[in-house]
1. Please state which one of 28, 35 is within 25 Å of residue 191 (Cβ to Cβ) and touching a residue at least 60 places away in the same chain (Cβ under 8 Å).
2. Checking residue 124 against (1) in the same structural domain as residue 106 (by TED's automatic domain parsing); (2) at pLDDT below 55, which single condition isn't satisfied?
3. Answer yes if at least one residue in region 42-56 is surrounded by 14 or more Cβ atoms within 10 Å (Cβ to Cβ), under 18 Å from the mean Cα position of the chain (by Cα) and within 22 Å of residue 118 (Cβ to Cβ), and no otherwise.
4. Does residue 12 count as touching a helix residue (DSSP H, G or I) at 6+ places or on another chain (Cβ under 9 Å) and either closer than 20 Å to residue 208 by Cα or surrounded by fewer than 16 Cβ atoms within 10 Å (Cβ to Cβ) (or both)?
5. Of the conditions (1) in a loop (DSSP other than H, G, I, E, B); (2) closer than 18 Å to residue 99 by Cβ, residue 32 satisfies every one except a single condition; which number is it?
6. Hey, can you tell me all the residues within region 101-121 that are assigned to a helix (DSSP H, G or I) and either in contact with a strand residue (DSSP E or B) (Cβ under 8 Å, 6 or more places away or on another chain) or in the same structural domain as residue 217 (by TED's automatic domain parsing) (or both)?
7. For region 61-92, give me each residue that is free of Cβ contacts under 8 Å to residues at least 60 places away in the same chain and in a strand (DSSP E or B).
8. Suppose we keep only residues that are in contact with a helix residue (DSSP H, G or I) (Cβ under 8 Å, 6 or more places away or on another chain) and either more than 10 Å from residue 178 (Cα to Cα) or exposed (fewer than 15 other Cβ atoms within 10 Å of the Cβ) (or both) within region 208-223. Which one would you say is modelled with the highest pLDDT?
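The values are calculated or read from the model by the stated rules, or taken from the named source; none is laboratory data. All of these numbers come straight from a predicted model, not from anything done at the bench. Note: ideal-geometry Cβ built from the backbone for every residue, glycine included; neighbour counts use all protein chains shown.
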């Protein structure tokens, strides 16, 4: 990272997202500082009271306290902490006003790691543009169409030792930019896929992944 950051706090009720985001910040965004990850608002406030965090990535949908309330308390307790709101939920005008007055950035889920990295290096414009009824950039830029069918793929990371062959899943939707998939295994953001299916695009990179019931849903961008 170009800018020295010592501590980052991630607050999200999905344990799989906390793990994926932590790994992505280290591997994809090049962050080498400390990361604390908590799954509810009470724990987030306790962390903020006991330590200083340069950045807090905060989900709005928490099981105990509204993310907006947590945001306001963080602003009171630690005004120098930069707050980045993350959500896949609909944002009302009142919520937008609160976010614009208390947070440094807004990231619709699925989050784009290149924008996260830019935010961490101060090259990201404050207050990402809000779009009514739209929380995904892929929905804004590409028309997604239902495309339900099984598929096979190979998964590889940085070395040949991480290569996993002939895995199976289901495609849930398709666009010119990529596909949405459902699999039985977690797909780590930043990992690469080789499709063993009749796609014009043979390779993709995992942009996000979240747990849905007993499986995982992920967004894959063609490369």
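1. One residue alone meets the criteria, 28.
2. (2)
3. Yes, region 42-56 has at least one match.
4. Working: touching a helix residue (DSSP H, G or I) at 6+ places or on another chain (Cβ under 9 Å): yes; either closer than 20 Å to residue 208 by Cα or surrounded by fewer than 16 Cβ atoms within 10 Å (Cβ to Cβ) (or both): yes.
Spelling it out, residue 12 is indeed touching a helix residue (DSSP H, G or I) at 6+ places or on another chain (Cβ under 9 Å) and either closer than 20 Å to residue 208 by Cα or surrounded by fewer than 16 Cβ atoms within 10 Å (Cβ to Cβ) (or both).
5. (2)
6. 102, 113, 115, 116, 119, 120
7. 82, 83, 84, 85, 87
8. To start, the set of residues in region 208-223 that are in contact with a helix residue (DSSP H, G or I) (Cβ under 8 Å, 6 or more places away or on another chain) comprises 208-211, 216, 219.
Next, only the ones that are either more than 10 Å from residue 178 (Cα to Cα) or exposed (fewer than 15 other Cβ atoms within 10 Å of the Cβ) (or both) stay: 208-211, 216.
Details: 208: 79, 209: 81, 210: 80, 211: 79, 216: 84.
Ranking the qualifying residues of region 208-223, first place goes to 216.
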